Amino acid sequence: MVTSRAVTFINNSTPATLVKKEIDLDKCHDENQIVIQVYAASLNPVDLLLHSFAYKYVVGSSMKTYSRDYSGVIVKRGSNVDPKWKVGDKVNGMFKHLYGDQGTLSDYLVLDPSQQVAIVHSTAPPDSKYNEFVVSAAWPLVFGTAYTALFNFGQKLGPDSKILVIGASTSVSYALLKIAKEVLGVKTMVGVCSSKSVDYNKKLGYDYLATYDQGPIPESVGKILVGELNNEKFDLIFDSVGGSDFFPIIDRFLKPKSQNSYYLSIAGDNKIKYSEPSLRDAISPWTILRRLNPFKSFNYGLFLVDSQSEYMELGAKMIKEGTYEPLIDSVYPLEEFQQAIEKQKSNTAKGKIVLKIKGDL
Ligand SMILES: NC(=O)c1ccc[n+]([C@@H]2O[C@H](COP(=O)([O-])OP(=O)(O)OC[C@H]3O[C@@H](n4cnc5c(N)ncnc54)[C@H](OP(=O)(O)O)[C@@H]3O)[C@@H](O)[C@H]2O)c1
């Protein structure tokens, strides 16, 4: 028997709380499952949203858990598990659940790798000031989201493509920038960020930067379009913060639908305030109508990242080559999960917020 700690909540009126339970590692899994001792995990804004939207009449009184990204070591395996997953292997991934009884802010995670396919053998960057488990926990969900935007909508993006990234400073956008530049060879990436983050994002590799806090965003992007881009419109507009500024004037910015251009959002029409998220901001009727309308004048997609092995393999490869190193904002011991959650709520992180689950990392 071992003691497993986990950050849990019941509904949106109960706080995130660390609870302990005894588990028998030999009996807690079936023959299709592995048991991973989690060494590190990271937070994502979705963790805060799910807790905030856990209305008690909808989600019931069961214990729910935090987080999806994990890294750790396989400590048990069932007899039917693919032999490529062995006891002692270092793995990381994105554990998909909504209000599951298992999350990754926990000492142990039991999963079936043929169902939870966003899992890979971990690789460490050639040179990093962080422990390899900390780095491995810091990328699956954001990298998978960026990969989905670039590969799952049938676009053929390449060196001549032009991409506009609204929310240049987010961790998802950083992964998108790296995949676009290093894998697809995209030469023109324009980002939108706060005026204080312009230098930061220039160093990360954006070619041009517009601001969202010095006047209307389309005006700031418009100057770059007319000036530096010779009025050549974008093949992809990727929104990682939520907004609707471009829709009334989309033809000025996005290439025609016939050229397979896309506006893709991972956050909808409204910027969510993570300290006080409202359902109205999260689920806008306009977003749903735009997504469902078959007669819209431009290709629009709003998506949620799903489990996929391809993005885990590409992420591990890029990390090994040194072409993508996840950015880390801060690292907290599990006991300080509350501070980590507050930092995520501030919406000012530059990189991922990681929790060290195994104390001696
Ligand atoms: N649909 C999906 O599957 C999916 C998956 C992952 C994430 N998401 C969503 O995508 C968003 C980004 O997630 P993340 O984890 O990458 O975020 P993050 O790394 O926590 O983003 C933090 C950054 O957001 C920037 N920011 C704050 N307000 C902004 C604004 N009004 N306009 C532009 N940038 C702003 C800040 O930089 P500045 O200094 O530039 O303000 C800050 O550094 C979240 O809304 C999240 O819920 C969706």
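Here are a few things to note about the model shown:
- Coarse-grained scattering of the stretch 227-361 at q = 0.12, 0.19 Å⁻¹, given as base-10 log I(q)/I(0) from a Debye sum over alpha-carbon atoms: -0.72, -1.23
- Spatially proximal lysines relative to K320 (Cα-Cα < 18 Å; intrachain offsets below 8 disregarded): K90, K129, K178, K181
- Solvent-accessible area per residue in the stretch 51-121 equals 43 Å², computed with a 1.4 angstrom probe and all protein chains kept.
- Local electrostatic count, I353, Cβ distance below 14 Å [Lys/Arg +1, Asp/Glu -1]: +1
- Out-of-range pairs (alpha-carbon distance over 32 Å; input K64/K273; K84/K271; K196/K296): K84/K271; K196/K296
- Stokes-Einstein D (µm²/s) once Rh is taken as the Kirkwood radius of the stretch 153-302 over alpha-carbon pairs, at 20 °C in 1.002 mPa s: 137
- Local charge for V142 was computed over the other residues whose Cβ lies under 9 Å away, with Lys and Arg +1 and Asp and Glu -1, and equals 0.
- Placing a label point 7 Å from the Cα of S13 along the Cα-to-Cβ line, no residue of the stretch 257-295 has its backbone N under 16 Å from it.
- Put simply, when 5-13, 88-96, 242-250 are sorted by average Cβ atoms within 10 angstrom per residue, most first, you get 88-96, 5-13, 242-250.
- Accessible surface, the stretch 153-302, averaged per residue in Å² (probe 1.4 Å): 48
- Global size of the chain: 20.7, 66 Å for Rg and Dmax (C-alpha atoms, Rg to one decimal, Dmax whole).
- Residue by residue, the stretch 334-348 carries 3J(HN,Hα) couplings of 3, 4, 9, 4, 5, 5, 4, 5, 4, 5, 4, 5, 5, 6, 10 Hz when phi is fed to the Karplus relation 6.51 cos²θ - 1.76 cosθ + 1.60 (θ = phi - 60°); x denotes Gly or Pro.
- Highest mean packing comes first when the peptides 121-127, 211-217 are listed by Cβ atoms within 10 Å, giving 121-127, 211-217.
- For the stretch 102-157, a Kirkwood hydrodynamic radius built from all Cα pairs, placed in the Stokes-Einstein relation at 4 °C and 1.567 mPa s, yields a translational diffusion coefficient of 94 µm²/s.
- Note on the chain: with charges restricted to the Cβ of Lys and Arg (+1) and Asp and Glu (-1), its dipole about the Cα centre is near 440 debye.
- Take the Cα radius of gyration of the stretch 30-100 and divide it by 2.2 N^0.38 Å, N being the number of residues; the result is 1.34.
- 15 Å beta-carbon shell around H97, net charge (K/R +1, D/E -1): -2
- Of the solvent-accessible surface of the stretch 228-361, computed with a 1.4 Å probe over protein heavy atoms with every protein chain present, carbon and sulfur atoms account for 50 percent.
- The listed peptides 274-282, 73-81, ordered by packing as a protection proxy, come out as 73-81, 274-282 (highest mean of other Cβ atoms within 10 Å first).
The values are calculated or read from the model by the stated rules, or taken from the named source; none is laboratory data. None of the values given here were measured: they were computed from a predicted structure. Note that each Cβ is placed from the backbone with ideal geometry, even for glycine, and that neighbours are counted across all protein chains shown. Remember, those area values only see protein heavy atoms, side chains included, never the ligands or the DNA or RNA. Shrake-Rupley method; radii C 1.70, N 1.55, O 1.52, S 1.80 Å.
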